[in-house]
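Here's the structure we're looking at; comments come further down.
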Amino acid sequence: MKESFQIVSGSDTKITEIAKNSLQAIATNIQSLVDKDVTLTPSAPKITNNELLQQELNEKFTHLHGDLEKDYEGRISILFSWPASITLSSLLRMIPEEVVGQSRKTGTWTEEDDEAFGEVGNILFSALDETLRGAAKGKVNIRLGAFDKLDFLSSDPNILPEDTFLLYPFTCQIGDYPQDKGYLLIPLDAAEKLNGAAIGFHSPGGDGDDDEDEEFEDAPIRGHLAVYGTQPQVLKTLRTACRRVGLVFDKRPKAEVPNPAAHREHVIVLEIGKGQEKRFEWCRRLKASDIDIKVIILLLQPTKMGVVLAYKAQADAILGWPAREKEISKKLTSFMEAKMA
């Protein structure tokens with residue numbers, strides 16, 4: 001079973017402070033609703049995506065989510081375990097304590113719970129919005145979009161967009177009820193923007209590419225790598241290659257379409273997976289605009305047709321995933337040496 005990627009210590013200082021303050025504000029607002037002491041305590045963050053998250057969760061949850069607006073984008077999600085959700089909904093409806101305890105055991109949920117938990121979500125995202133607006137550079141806004149009921153034991157829900165997220169597990173303590181689980185998920189692009197710096201992460205257990213774990217001195221900066229990708233292992237490998245070769249690692253926003261004018265003399269990596277065939281056209285436009293822009297197409301699911309399309313798009317290099325870091329570094333080095341010749 002795969003594990004989530006671990007954060008490099010110290011690279012997440014500001015976003016972790018924001019997450020902690022957000023959960024404290026949410027707990028305070030919820031406490032005013034249910035008239036019980038409420039504590040939401042985050043643990044160390046991890047990097048995750050749909051596949052990794054589904055392996056970690058093995059029970060029923062409610063899933064509250066809302067989209068960031070203005071200068072930020074992406075969907076923030078908050079999950080509460082089923083007993084915590086029942087408790088919050090029941091207390092908001094002023095259900096007697098003994099009934100709440102029984103409902104937690106039986107997992108009982110009614111239409112009245114839908115309405116009550118929607119109100120919990122509105123109050124929760126109001127607190128989140130206030131915290132983000134106070135911490136973010138630029139303008140930001142978020143409100144509850146909807147909530148879903150998910151059973152990870154009986155289904156395989158893809159609750160996240162095709163993206164990479166920063167995951168904060170947290171414990172939820174409501175009055176004297178048993179401690180429950182919760183999760184806060186922030187899109188990696190938005191998390192790094194809020195953090196004011198890139199968030200480093202590495203594979204757990206040293207089971208990744210051995211090349212990436214070796215000791216070496218970072219090369220002097222001599223170029224710029226613009227990365228259009230989201231997969232955790234891809235980003236980790238490219239970060240290491242940038243250190244070895246001497247390139248600025250620049251992860252571009254998920255929704256951005258490459259602008260040739262912004263990438264003159266840069267090297268660009270286009271990660272292409274299922275449903276992302278339009279990125280072959282991105283490559284074609286980049287090369288047509290400026291032949292000196294170097295474009296690497298990284299095929300997440302290498303196929304003969306994918307290689308043909310990449311070749312027709314005039315990619316300077318075509319790589320299939322998984323690719324060893326040293327292989328990528330060698331290709332990047334050849335680009336840099338050719339430019340300096």
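Residues in segment 305-314: is at least one surrounded by 12 or more Cβ atoms within 10 Å (Cβ to Cβ) and under 13 Å from Tyr228 (Cβ atoms)?
The answer is no; no qualifying residue exists.
Among Glu256, Glu265, Glu271, which is outside the structural domain of Phe165 (by TED's automatic domain parsing), surrounded by fewer than 15 Cβ atoms within 10 Å (Cβ to Cβ), touching a helix residue (DSSP H, G or I) at 6+ places or on another chain (Cβ under 8 Å) and not in a helix (DSSP H, G or I)? Give the derivation first.
On the way: Glu256 fails: touching a helix residue (DSSP H, G or I) at 6+ places or on another chain (Cβ under 8 Å); Glu271 fails: surrounded by fewer than 15 Cβ atoms within 10 Å (Cβ to Cβ).
Checking each option against the conditions leaves just Glu265.
For segment 193-207, give me each residue that is at pLDDT 85 or above and crowded, with 20+ Cβ neighbours inside 10 Å.
Filtering segment 193-207 for residues at pLDDT 85 or above gives 193-196.
Answer for segment 193-207, where residues must be at pLDDT 85 or above and crowded, with 20+ Cβ neighbours inside 10 Å: Lys193, Leu194, Asn195.
Among the candidates Phe61, Phe5, Phe80, which residue alone is over 30 Å from Gly138 (Cα atoms), under 23 Å from the mean Cα position of the chain (by Cα) and either modelled with pLDDT of 85 or more or surrounded by 19 or more Cβ atoms within 10 Å (Cβ to Cβ) (or both)? Please lay out each step first, then the result.
Details: Phe5 fails: over 30 Å from Gly138 (Cα atoms); Phe80 fails: over 30 Å from Gly138 (Cα atoms).
Result: Phe61 is the single residue among Phe61, Phe5, Phe80 that is over 30 Å from Gly138 (Cα atoms), under 23 Å from the mean Cα position of the chain (by Cα) and either modelled with pLDDT of 85 or more or surrounded by 19 or more Cβ atoms within 10 Å (Cβ to Cβ) (or both).
Would you mind telling me which numbered condition in (1) in a helix (DSSP H, G or I); (2) modelled with pLDDT of 90 or more Ala315 fails?
Going through (1) in a helix (DSSP H, G or I); (2) modelled with pLDDT of 90 or more one by one, Ala315 breaks only (1).
Does Ile328 satisfy the criteria of being within 28 Å of the chain's Cα centre (by Cα), among the hydrophobic types (A, V, I, L, M, F, W, C) and in a strand (DSSP E or B)? Walk me through it before giving the result.
On the way: within 28 Å of the chain's Cα centre (by Cα): yes; among the hydrophobic types (A, V, I, L, M, F, W, C): yes; in a strand (DSSP E or B): no.
No; evaluated as a whole, the condition is false for this residue.
So which of Lys251, Lys312, Lys278 is farther than 27 Å from Leu194 by Cβ, within 25 Å of the chain's Cα centre (by Cα), outside the structural domain of Leu167 (by TED's automatic domain parsing) and basic (Lys, Arg)? Walk me through how you get there before you give the answer.
On the way: Lys251 fails: farther than 27 Å from Leu194 by Cβ; Lys312 fails: within 25 Å of the chain's Cα centre (by Cα).
Checking each option against the conditions leaves just Lys278.
Among the residues of segment 37-58, what is the count of those that are modelled with pLDDT of 90 or more and not aliphatic (A, V, I, L, M)?
Residues flagged as modelled with pLDDT of 90 or more and not aliphatic (A, V, I, L, M) within segment 37-58 amount to 6.
Residue check: is Ala27 modelled with pLDDT of 90 or more, among the aliphatic types (A, V, I, L, M) and either over 29 Å from Gly10 (Cβ atoms) or touching an Asp or Glu at 6+ places or on another chain (Cβ under 8 Å) (or both)?
no
The values are calculated or read from the model by the stated rules, or taken from the named source; none is laboratory data. All values derive from a computational prediction rather than experimental measurement. Cβ: placed from backbone, ideal geometry, glycine included. Neighbour counts: every protein chain shown.
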